[in-house]
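Chemist: Have a look at this one.
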Amino acid sequence: MSTPAGADTGSGQTPAQARWLGRSRQALLFGNFAIGCGVMVTAGTLNDLARDLQVSVPVAGQLISVAAVALALGAPLAAAVVAGFDRRRLLTCSLLVYALGHVLCALMPGFAALLPVRALAVLAAAVFSPQAAAAIAVMAPPAERGRAITYVFLGWSLASVLGMPLAAWIGEVWGWRAAFCGVALLACVAALAVWRALPDGVRPAAMSRAGWAQVATNPALLATVAVTLLSASGQFTLFAYLAPYYRQVLGASPAAVSGLFFWFGAVGVLGNVWVSRRIDRHGASRLVALMLAAIALSMLLWPLALSVPLMMAVCAPWALGCFSSNSAQQARLSIAAPALAPALVALNSSALYAGQALGAATGGAMLAGAAGQGAGQGWAQLHWAGLGWMLAALATSLWAARALARQPGTHG
């Protein structure tokens with residue numbers, strides 16, 4: 001990997017290297033912001049998507065599930081295919097492809113045409129986020145690696161605080177197609193930022209077959225990845241349907257729906273910043289467990305959220321843990337077995353998206369199954385299913401931490 005003249009790639013940093021690393025971190029954060037806005041734009045515009053395409057909310061939710069499946073399958077495959085690519089060019093091109101895909105989505109005439117195009121459009125996200133994490137892990141000094149990775153993933157929290165409420169508002173006022181075009185424009189700007197900030201020659205070490213086999217046969221590492229799968233499943237059982245939930249159950253106005261998403265994202269940013277500043281000192285495993293417990297608390301208290309102000313209070317712990325838990329998971333895996341980090345980060349991204357697909361499908365099936373049982377029956381059960389997933393994630397995380405601490409060569 002090429003670095004600026006005089007840069008010290010050890011634990012110490014020259015001022016030139018610090019500036020170079022800072023610019024790279026900021027550009028990758030902005031890239032993740034654009035990626036996050038694109039991934040979440042469907043959930044934010046689900047009301048208008050269902051209306052415009054003349055399908056039910058559970059059917060429209062399939063757009064979330066199919067995109068998540070594509071991401072889950074694409075992340076580990078992309079990690080194997082792009083191993084030797086220069087990250088500056090790879091990440092820039094992935095953002096440009098992402099932009100093109102969202103423009104094509106906006107041009108689709110109906111649901112049947114949109115579904116496969118949406119799946120293809122998000123494949124670029126399967127490349128960008130895990131490879132951005134792998135790139136910054138290579139560039140950052142070991143003592144700062146955890147904080148650097150969580151900082152880059154702060155872009156996802158910002159997407160929630162800014163991108164998702166804005167998408168929800170645009171979807172209600174101008175329609176989902178305008179929101180998709182907005183994501184495309186944002187991705188183009190992010191591509192320019194990444195191209196200008198990253199140096200040439202950033203190539204994380206490629207994983208050998210033996211390395212992949214080592215990951216596949218290590219129960220503790222696989223259990224750590226499973227934490228992400230279980231957590232994402234629990235959250236997206238409810239999160240995928242928050243926009244229609246706010247409208248149909250709380251009776252929230254379009255402005256209130258957007259405000260609730262903004263609140264969720266704002267608290268999420270605080271959670272990610274808090275974790276980023278403490279992860280190298282307190283350890284990733286402890287913070288993951290704390291954030292999972294916070295999400296579970298919101299699921300438990302969900303029946304109390306009978307108004308918009310109460311919803312803001314009840315969802316605050318969830319928001320604190322939503323994005324910060326995954327950021328800590330990425331750092332946890334990179335630190336647990338540094339030599340296996342490229343594969344682990346890719347698998348974690350795959351688990352995240354697979355969990356989103358599973359959760360969205362679970363929630364959709366529950367809503368569809370309760371359609372004939374009276375208004376509100378399906379909505380009333382979603383948070384209990386989510387709570388079950390979250391408790392399983394917490395138990396798995398605690399077991400994995402103990403197992404990793406007992407293994408030589410890994411860090412719990």
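Chemist: Between Ala178 and Leu100, what's the calculated FRET efficiency when r is the beta-carbon distance and R0 is 22 Å? Round to 0.05. The partial results should precede the final answer.
Modeler: Values: r = 17 Å, r/R0 = 0.77.
FRET efficiency, Ala178 to Leu100: 0.80.
Chemist: A further question follows. I'd like the carbon and sulfur percentage of the solvent accessible area for the stretch 176-286, probe radius 1.4 Å, heavy atoms only, ligands and nucleic acids excluded.
Modeler: Values: 2830 of 4550 Å².
In the stretch 176-286, the share of accessible area belonging to carbon and sulfur is 62 percent.
Chemist: Taking 0.36 nm per intervening residue step and subtracting the Cα-Cα distance, what contour gain separates Val59 from Gln248 on full extension? Intermediate values should be presented prior to the final figure.
Modeler: Details: separation 189, 0.36 × 189 = 68.04 nm, distance 1.64 nm.
Answer, rounded to one decimal: 66.4 nm.
Chemist: Here is a further query. With a 10 Å radius around each residue's Cβ, average the other Cβ atoms per peptide and rank 359-367, 382-390, 298-306, highest first. Show your work: numbers first, answer last.
Modeler: Numbers: 359-367: 23.4, 382-390: 21.9, 298-306: 17.2.
By packing density, highest mean first, the sequence is 359-367, 382-390, 298-306.
Chemist: Per-residue ellipticity at 222 nm for the chain, helices alone: DSSP H runs ≥ 4 residues times -39500 (n - 2.57), over residue total, nearest 500 deg cm²/dmol?
Modeler: Values: 19 runs with 325 residues, N = 412.
Taking each H run of at least 4 residues, the total per residue is -26500 deg cm²/dmol.
Chemist: Also: Report the full-extension gain for the segment Ala255 to Ser307: residue separation times 0.36 nm, less the Cα-Cα distance, to one decimal in nm. Don't skip to the answer; put the middle values down first.
Modeler: Working: separation 52, 0.36 × 52 = 18.72 nm, distance 1.45 nm.
Full extension of this stretch gives 17.3 nm more.
Chemist: Oh, and also: Explain nothing, just the number: dipole magnitude of the stretch 25-123 about its Cα centre with +1 on each Lys and Arg Cβ and -1 on each Asp and Glu Cβ, in debye rounded to the nearest 20.
Modeler: Roughly 300 debye, rounded to the nearest 20.
Chemist: On to the next question. For the residue pair Gln381 and Val189, what label-to-label distance in nm results when each label sits 7 Å from Cα along the Cα-to-beta-carbon direction?
Modeler: Each label point lies 7 Å from its Cα, and together they span 4.3 nm.
Chemist: Just the number please: accessible area per residue for the stretch 97-218, 1.4 Å probe, all protein chains included, in Å².
Modeler: Details: 4720 Å² over 122 residues.
So the stretch 97-218 comes to 39 Å² accessible per residue, rounded to a whole number.
Chemist: Here's another thing I want to ask about it. Lys and Arg at +1, Asp and Glu at -1: add these up for the other residues within a Cβ distance under 11 Å of Ser285 and post the number. Show your work: numbers first, answer last.
Modeler: Values: positive: Arg286, Arg332, Arg402; negative: none.
Taking every other residue near Ser285 into account, the sum is +3.
Chemist: Among Val66, Val227, Val189, whose mean-square fluctuation peaks in a Gaussian network model of the chain (Cα, cutoff 10 Å)?
Modeler: With Cα springs under 10 Å in the chain, the top fluctuation among Val66, Val227, Val189 is at Val189.
Chemist: Out of Val225, Val314, Val152, any idea which swings most in a Gaussian network model of the chain, alpha carbons joined below 10 Å?
Modeler: Of the options given, Val314 has the highest mean-square fluctuation.
Chemist: Run the paramagnetic zone check for Arg277: 7 angstrom along Cα to Cβ, then residues of the stretch 131-158 with backbone nitrogen under 19 Å.
Modeler: Within reach of a label on Arg277: 144-158.
Chemist: With +1 on the Cβ of every Lys and Arg and -1 on the Cβ of every Asp and Glu, and nothing else charged, how large is the dipole of the chain about its Cα centre, in debye rounded to the nearest 20? Mind showing how you got there, number by number?
Modeler: Working: 22 positive and 8 negative charges, 157 e Å.
My answer is approximately 760 debye.
Chemist: Express the carbon and sulfur contribution to the solvent-accessible surface of the stretch 14-127 as a percent, rounded to the nearest whole number, probe 1.4 angstrom. Let's see the in-between values first.
Modeler: Numbers: 2920 of 3990 Å².
Carbon and sulfur together cover 73 percent of it.
Chemist: When a/c is below 1.5 the answer is rounded, else prolate if a/b is larger than b/c, else oblate, so apply that to the stretch 74-135 with a ≥ b ≥ c taken from the square roots of the Cα gyration tensor eigenvalues.
Modeler: On the way: a/c = 3.49, a/b = 2.15, b/c = 1.62.
Cα axes put the stretch 74-135 in the prolate bin.
Chemist: Roughly speaking, what is the stretch gain from Ala80 to Arg406, that is 0.36 nm per residue apart minus the C-alpha to C-alpha distance, in nm to one decimal? Before the final figure, lay out each step's value.
Modeler: On the way: separation 326, 0.36 × 326 = 117.36 nm, distance 2.93 nm.
Full extension of this stretch gives 114.4 nm more.
Chemist: Can you give the accessible area per residue of the stretch 235-291, in Å², using a 1.4 Å probe?
Modeler: Details: 2150 Å² over 57 residues.
Per-residue accessible area for the stretch 235-291 comes out at 38 Å².
The values are calculated or read from the model by the stated rules, or taken from the named source; none is laboratory data. Because the structure is a prediction, the values reported are computed rather than measured. Every residue, glycine as well, gets a Cβ built from its backbone with ideal geometry; the counts of neighbours run over all protein chains shown. For accessibility, only protein heavy atoms count, side chains too; no ligands or nucleic acids. Shrake-Rupley method; radii C 1.70, N 1.55, O 1.52, S 1.80 Å.
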